[in-house]
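The values are calculated or read from the model by the stated rules, or taken from the named source; none is laboratory data. All values reported here derive from a predicted model rather than from experimental measurement. Here the Cβ positions follow ideal geometry from the backbone for every residue, glycine too, while neighbour counts run over all protein chains shown. All accessible areas refer to the heavy atoms of the entire protein, side chains included, with ligands and DNA or RNA removed. Shrake-Rupley method; radii C 1.70, N 1.55, O 1.52, S 1.80 Å.
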Amino acid sequence: MGDFFPAGIFGDVSTGSWFGFDRIMMVRLIVVVLLLLLLWLGTRKATLIPGRGQNIVEMGLDFVRVQIAEQILGKERAKPYIAMLTTIFFAVLAMNLAGVIPFLNIAGTSRVGLPLVLALWVLVTYLAAGVKKHGVGKYLMTQLFPPGVPWPAYVLITPIEALQVFILRPATLTVRLLANMMAGHLMLALTFAATHFLLLEGGGLVKLAAPLTFAGGIFVTLFEVFVAVLQAYIFALLASIYLNFALEEEH
Amino acid sequence: MNFAQEATPNPLLPAGYDLIWSVIVTVIIAVFFYRYLLPKLNVILDERTRKIEGGLQFAEMAQAEAAEAKSEKDRELAVARKEAAGIREEAVSDGGQIVADARTRAQTEAARITENAQRQIDAERQAAVVSLRADVGGLAAELASRIVGESLTDDARQSRVIDRFLDELEASVSTPATAGPSSEAEV
């Protein structure tokens, strides 16, 4: 667990501190620089006929726009939110992939701050979208008192829906991403630490188990790449689904 | 793993600086996407869409033009074909006309020749009839005068006269130049 709370590089890194800088923060900044650099290089000389780099960048942006935003929200309604969803997708993806990049070796999203900030952004956006579309009263009505339910059921449903809309959705977004990244890092650390320990300190036949754990480490690394992409996809997908709930005419 | 830390903080409780750095990172990425990447690529995407649309339109136009040219050509071909058919028909009818003309001309010519021949034959016959009539008339008159000249009561004489006439006639036929005067002289 200590990997997730490394010693501060400067400033105070205790929980209550507002000013501090540790390894994960550094990883985040490096990832930001790498991400922006790659995207900039890919689109620096953007032309009508895309080159190789531009093609890859466009493919990524297209994936978010078509597969996530327009699939869920529809072409017209998706338009104002494409930028947000694209930002979230690429931010999460890049931060996740940091977990398997040598020397970074920890995901920027494996500290609760970043997933939480992104989830709050989604929360604020879908609340604003709902209020803008329906007005405060009507939005809360449709969200908290879904029509077509016999009125005594509201005693149960309304608190559940309120919890759902205001707390559970961002909370699940946050925890899903955070837990996935933490678990991934733990698995990687476990397999490679085990390989290291078995090979160097294991006596006799125990050394033979080292290749097994090493192969496991390789497998987990590849798996982490998959999980990184998957979690980015899920985060953006759920964001657009929540937006869709907010924008829906009637439940 | 660092086991030296006295207590691991709850991973679900965000530290203040964690939040601040998260916000900074998010804002940087968001600004990059909102202000640079998406507008830039959107411009390009829009332009590409326009280009493609323009290309499609151009292709459509070219196709329409080609179709028009083809129909024009077809039309011209049909006109030419009709013209050729007209010329052929005209030629055929002209040929028929020529043949018919030639035939009528030949027919009239033939008719003319036939008529001429007929007329000539008629004229010759007329001439023959005229000359024959003159001869026969002369002969008949001579015979009658001779019969009247002799006595008609005697049968023997009569037959003698006739025989003589016939003989003379015979002789005049063999020598027509001398027959006339000699017979006349005998009267």
Quiz item: Looking only at the stretch B:32-54, which residues are loosely packed, with under 14 Cβ neighbours inside 10 Å, within 9 Å of chain A (Cβ to nearest Cβ) and among the hydrophobic types (A, V, I, L, M, F, W, C)?
Solution: B:VAL43
Exercise. Pull up the stretch A:112-149, narrow it to residues that are without any contact (Cβ under 8 Å) to a residue 40 or more places away in the chain and among the charged types (D, E, K, R), then point me to the one that is nearest to A:ILE160 (Cα to Cα).
Key: A:LYS138
Quiz item: Looking at A:VAL131, A:VAL64, which one is part of a helix (DSSP H, G or I), open to solvent by less than 10 Å² (accessible area, probe 1.4 Å) and in contact with a helix residue (DSSP H, G or I) (Cβ under 7 Å, 6 or more places away or on another chain)?
Solution: A:VAL64
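Yes/no per residue for (1) modelled with pLDDT of 90 or more; (2) in a helix (DSSP H, G or I):
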{"site": "A:VAL31", "(1), (2)": "yes, yes"}
{"site": "A:GLU58", "(1), (2)": "no, yes"}
{"site": "A:ALA69", "(1), (2)": "yes, yes"}
{"site": "A:MET84", "(1), (2)": "yes, yes"}
{"site": "A:LEU104", "(1), (2)": "no, no"}
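Does A:ALA91 satisfy the criteria of being at the interface with another protein chain (Cβ under 10 Å from one of its Cβ atoms), surrounded by 21 or more Cβ atoms within 10 Å (Cβ to Cβ) and either touching a Ser or Thr at 6+ places or on another chain (Cβ under 8 Å) or not in a helix (DSSP H, G or I) (or both)? Lay out the reasoning, then the answer.
Working: at the interface with another protein chain (Cβ under 10 Å from one of its Cβ atoms): yes; surrounded by 21 or more Cβ atoms within 10 Å (Cβ to Cβ): yes; either touching a Ser or Thr at 6+ places or on another chain (Cβ under 8 Å) or not in a helix (DSSP H, G or I) (or both): yes.
It is true that A:ALA91 is at the interface with another protein chain (Cβ under 10 Å from one of its Cβ atoms), surrounded by 21 or more Cβ atoms within 10 Å (Cβ to Cβ) and either touching a Ser or Thr at 6+ places or on another chain (Cβ under 8 Å) or not in a helix (DSSP H, G or I) (or both).
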Exercise. Take the stretch A:22-57 and flag every residue that is surrounded by fewer than 17 Cβ atoms within 10 Å (Cβ to Cβ), under 15 Å from B:ILE20 (Cα atoms) and facing chain B (nearest Cβ under 8 Å).
Key: A:LEU29
Quiz item: Is it true that some residue in the stretch B:55-67 is within 14 Å of chain A (Cβ to nearest Cβ) and surrounded by 10 or more Cβ atoms within 10 Å (Cβ to Cβ)?
Solution: yes
Quiz prompt | Matching residues in the stretch B:1-30 - criterion: being at pLDDT 90 or above and farther than 23 Å from A:ASN105 by Cβ | solution = B:VAL23, B:VAL27, B:ALA30
Quiz item: When the stretch B:131-174 is examined, which residues are found to be at pLDDT below 75, surrounded by 11 or more Cβ atoms within 10 Å (Cβ to Cβ) and of a type in the set (S, T, N, Q)?
Solution: B:GLN158
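Every residue, every condition in (1) open to solvent by 30 Å² or more (accessible area, probe 1.4 Å); (2) at pLDDT 90 or above; (3) in contact with a strand residue (DSSP E or B) (Cβ under 7 Å, 6 or more places away or on another chain), yes or no:
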| residue | (1), (2), (3) |
| --- | --- |
| A:GLN143 | no, no, no |
| A:PRO146 | no, no, no |
| A:TRP151 | yes, no, no |
| A:ALA183 | yes, yes, no |
| A:PHE197 | yes, no, no |
| A:LEU237 | yes, yes, no |
Quiz prompt | Any pair with Cβ under 8 angstrom, 6 or more apart, that starts in the stretch A:70-88 at a residue that is free of Cβ contacts under 8 Å to residues at least 40 places away in the same chain and ends at one that is surrounded by fewer than 17 Cβ atoms within 10 Å (Cβ to Cβ) | solution = A:ALA83/B:TYR34; A:THR87/B:TYR34
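For the stretch A:226-235, name all the residues that are open to solvent by 30 Å² or more (accessible area, probe 1.4 Å) and within 17 Å of A:ALA91 (Cβ to Cβ). Give the derivation first.
Filtering the stretch A:226-235 for residues open to solvent by 30 Å² or more (accessible area, probe 1.4 Å) gives A:226, A:229-230, A:233-234.
Of everything in the stretch A:226-235, those that are open to solvent by 30 Å² or more (accessible area, probe 1.4 Å) and within 17 Å of A:ALA91 (Cβ to Cβ) turn out to be A:VAL229, A:LEU230, A:TYR233, A:ILE234.
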